[in-house]
Amino acid sequence: MKAIIEGVRIAGFRAAVPPHRHSFLEDHSLFTAEEAEKLFATTGVYERRIAPPHICASDMCVAAAEGLLAQLGWDPASVDVLVFVSQDPDYNVPATSCVMQKRLGLATGAACFDVNLGCSGFVYGLWMAGRLLGGSTGRRAIVLCGDTSSRHLVPGDRSTLPLFGDAGGAVALEVSQGAAPIHVVVGTDGGGAKNIWVKAGGRRNSLVPSREPWPADKQEQMFTDSRLSLNGAEVFAFTLRAVPPLIREALEFAGVGVEDIDLCVMHQANAFMLEHLRKKTKFPPEKFLVDMHDFGNTSSASIPLAVSHRLGEALSTGTRKMLLAGFGVGWSWGAIVADVGPIPAPAVQEIPDDFPLLTP
């Protein structure tokens, strides 16, 4: 599906990460030094940020939102739409965005809702918020994307533990006459759902305990099923099959070519995959952002995190035509072509362990 967001501009980016760092290049409990070096060469991940047990994705997103609102000088009550994109809500009920509304000080007339998407979630969230502003009395929106992916991993899983980290990101949108149109392309193929999934935890395979204790074999099965299962070969094949056509379609829809794009930021999956995509889509290295080294794969937060970490100077000093693309769990994918800047310099903030938690 294709869509155009008109009369809305991207006003700012910000990201937040926990202070705790972990690197398998320094911790050899799972890999030898030689294995860790080879892994680093492939994934591009030197270290990841790991949220402590009491910090949720929502807390990192709230920190990013508070920092962004202060940076923009926006009164929180002026924000009309809040979209929280995450696979890690605080509660089954209510929607985490409702609790965020109170914490951030948004007006009670604001529209707030959650979206359960992963790697493509940033694109979907921005598209939904932009279209809501374009078809309503709303003037400002905040899209928050975050996951605590490290909590989904099986202890000792050598294929996932070195790759995934935790982060939260925020992007601000604002109605602006004369803003360049934002072009969006999205798609879905549920045939790949089982290639990146956490089987248990919803209603199909519930983790809600019964009055009687589970037998040992049931307990062990639920422990495994509540962790991430990832088929790396299928993920790689899907990415090379789906993403290059997505990029071509987005560029064609926007009426531009690779040569017209100043900066391309894709979901930060792993360095090896990103390099393959860069070559397939014919982006020169200087236009194509790879930012795996310090944070790893942070799911829905990876695009705003990469932008905030690496593009502060570029976006604060002029207008850049950007292509932003997310792809993965679902299968789900999406791309945006937008003019961004000048905006306040995007930045990454580190939240302390005693950061006030998001509570009702």
Item checked: Filtered residue count, region 264-302, keeping only those that are open to solvent by 40 Å² or more (accessible area, probe 1.4 Å), in contact (Cβ under 8 Å) with a residue 24 or more places away in the chain, assigned to a helix (DSSP H, G or I) and within 20 Å of F238 (Cβ to Cβ) -> 3
Check: Any residue in region 216-232 that is open to solvent by less than 50 Å² (accessible area, probe 1.4 Å), free of Cβ contacts under 8 Å to residues at least 24 places away in the same chain and within 30 Å of L323 (Cα to Cα)?
Finding: no
Note to self: Here are the criteria: (1) open to solvent by 40 Å² or more (accessible area, probe 1.4 Å); (2) within 19 Å of M266 (Cβ to Cβ). Tell me which single one H183 does not satisfy.
What the structure shows: (1)
Next item on the list: Go through the residues of region 220-241 one by one and say whether even a single one is touching a His at 6+ places or on another chain (Cβ under 7 Å), assigned to a helix (DSSP H, G or I) and either on the phi < 0 side of the Ramachandran plot or not aliphatic (A, V, I, L, M) (or both).
Entry: yes
Check: Taking M266, is it within 24 Å of R320 (Cα to Cα), at pLDDT 95 or above and touching a Ser or Thr at 6+ places or on another chain (Cβ under 7 Å)?
Finding: no
Check: What are the pairs, 6+ residues apart or on separate chains, where a residue within region 123-134 that is under 16 Å from A301 (Cα atoms) has its Cβ under 8 Å from a residue that is small (G, A, S) and in a helix (DSSP H, G or I)?
Finding: G125/S300
Next item on the list: Filter region 91-137 down to the residues that are over 18 Å from A11 (Cβ atoms) and charged (D, E, K, R), then identify the one that is most open to solvent (accessible area, probe 1.4 Å).
Entry: K102
Next item on the list: Give the residue, chosen from E37, E66, that is more than 19 Å from H293 (Cβ to Cβ) and part of a helix (DSSP H, G or I).
Entry: E66
Next item on the list: Would you mind telling me which numbered condition in (1) under 21 Å from G125 (Cα atoms); (2) acidic (D, E); (3) in contact with a Lys or Arg (Cβ under 7 Å, 6 or more places away or on another chain) E249 fails?
Entry: (3)
Margin query: Going by what's in this entry, would V185 be described as modelled with pLDDT of 90 or more, more than 21 Å from the chain's Cα centre (by Cα) and among the aliphatic types (A, V, I, L, M)?
Written below: no
Next item on the list: Read through the list (1) in contact (Cβ under 8 Å) with a residue 24 or more places away in the chain; (2) surrounded by fewer than 24 Cβ atoms within 10 Å (Cβ to Cβ); (3) under 28 Å from H276 (Cα atoms); (4) among the basic types (K, R), then give the number of the only condition that R48 fails.
Entry: (2)
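Scan region 132-153 residue by residue and report those that are under 15 Å from L82 (Cβ atoms) and either in a helix (DSSP H, G or I) or in contact with a Lys or Arg (Cβ under 9 Å, 6 or more places away or on another chain) (or both).
L132, L133 - these are the residues of region 132-153 that are under 15 Å from L82 (Cβ atoms) and either in a helix (DSSP H, G or I) or in contact with a Lys or Arg (Cβ under 9 Å, 6 or more places away or on another chain) (or both).
The values are calculated or read from the model by the stated rules, or taken from the named source; none is laboratory data. Because the structure is predicted, anything quoted here is derived from the model rather than measured. Here the Cβ is made from the backbone with ideal geometry for all residues, glycine too, and neighbour counts use every protein chain on show. Accessible surface areas use protein heavy atoms only, side chains included; no ligands, DNA or RNA. Shrake-Rupley method; radii C 1.70, N 1.55, O 1.52, S 1.80 Å.
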